[in-house]
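*Asks:* Dropping the structure in here first, questions after.
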Amino acid sequence: MTARGNERRAIFRDDRDRLHFLELLGELPERFGTRLHGWVLMDNHFHLLLETPEANLSRTGQWLNVSYSVWFNRRHQRSGHLFQGRFGAVLVGDEGEWLEVARYVHLNPVRVARLGLSKQDQQLQKTAGARDPGARRVGERLRVLRDYRWSSYGAYVGLRASPAWLTRQALLGACGGRTAGEQRRAFEAYHEAPLREGRLERVWDRVVAGAVLGSERFVVEVRAAWKRRSAEEVHSRDLSGGVPWESVVGAVEAVHGGRWTEFRDRHGDWGRDAALYLGRQRGRLKLEELAELSGGVGYTAVAQAIRRVRQQIQGDKAWRRRIDAVSEQLSKMKM
């Protein structure tokens, strides 16, 4: 998913704008069940690598752009459209294409003329006039990539802490390696190789019909689905949706070591809050449903509990380990 500023004007004027946009990204898993695999914020546009199990990309993109536009206009005392039309999106196929798109997203900050990586430079690299960039320029490219704060690359390669809402394992695993360290180094090498060689392929050149990127078989399957009905309609009807509440409770019980009925009403116990958080994030249950399932607590209390967990896993390693352990337990269960 991508969106650009109206008339190519800046949509991020300072770091406060960027931080607020990241805060909105942090709400996507809870609100829409999305999984965010990668992102980059440039001055006048952004790119997101999103997975939408609930086939609700339109709702997700509209909420994100509208929410940010309203906040931005109020803060900067302006009016009118912030973004250039509706957001753009491409349906991506298997892990190979996901990796290529992730690399394209992460390398946005270095695709500039001063680093010898402009569009014109890339065309030259495909001809007999291609030049060795040299150690000095390569070093500068790597420094810009690694120092850039406003992308998920630093979280992937261990340069910065990863936000709780960033899903990393799929892409790290696709790069190869048995241990976390090996996967991280493979991911880093995959991204940085083009900067050393001076060749940045445009993954979008292989997009079919302006909307699909993948193998020939994947494109055929998507086209067949479009002929029957829209891709989102197919998924929304055929997929079961969220994880059953009983599975969430069972996973929490397995990690917690106690029974749900024992700790559900226990003041200060982490088990209830964790179940509510994952019931919303993974189960896609409404707040009213969670309130009833957790013993009739109030709607507001459920929302506050979910917000508490989101804040805890941002800064408390123990909480993050608990949620990761419960999530791992869920992945082992047969839904």
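*Asks:* Going highest first, how would you order 6-19, 289-302, 147-160 by mean Cβ packing within 10 Å?
*Replies:* Ranked by mean Cβ neighbours within 10 Å, highest first: 147-160, 289-302, 6-19.
*Asks:* Measuring from centroid to centroid over Cα atoms, what is the spacing of segment 4-49 and segment 61-82 in Å?
*Replies:* 12
*Asks:* Still on this structure, I have one more. Ala10: net charge of surrounding residues, Cβ under 14 Å, Lys/Arg +1, Asp/Glu -1, itself excluded?
*Replies:* Charge balance in the 14 Å sphere: +3.
*Asks:* Counting Lys +1, Arg +1, Asp -1, Glu -1, what net charge surrounds Ile306 among other residues with beta carbon under 9 Å of its beta carbon?
*Replies:* Spelling it out: positives minus negatives among the neighbours equals +2.
*Asks:* Restricting things to Cα coordinates, could you compute the convex hull volume per residue of segment 2-89 in Å³?
*Replies:* 84
*Asks:* Then there's this: Tally Lys/Arg at +1 and Asp/Glu at -1 over every other residue whose Cβ is under 13 Å from the Cβ of Gly279; what's the total?
*Replies:* With Lys, Arg at +1 and Asp, Glu at -1, the net is 0.
The numbers here are math on the coordinates, done by the rules we state, and not lab data. This is a predicted model, so every value here is computed, not measured. Please note: Cβ atoms are built from the backbone with ideal geometry, for glycine as well, and neighbour counts cover all protein chains shown.
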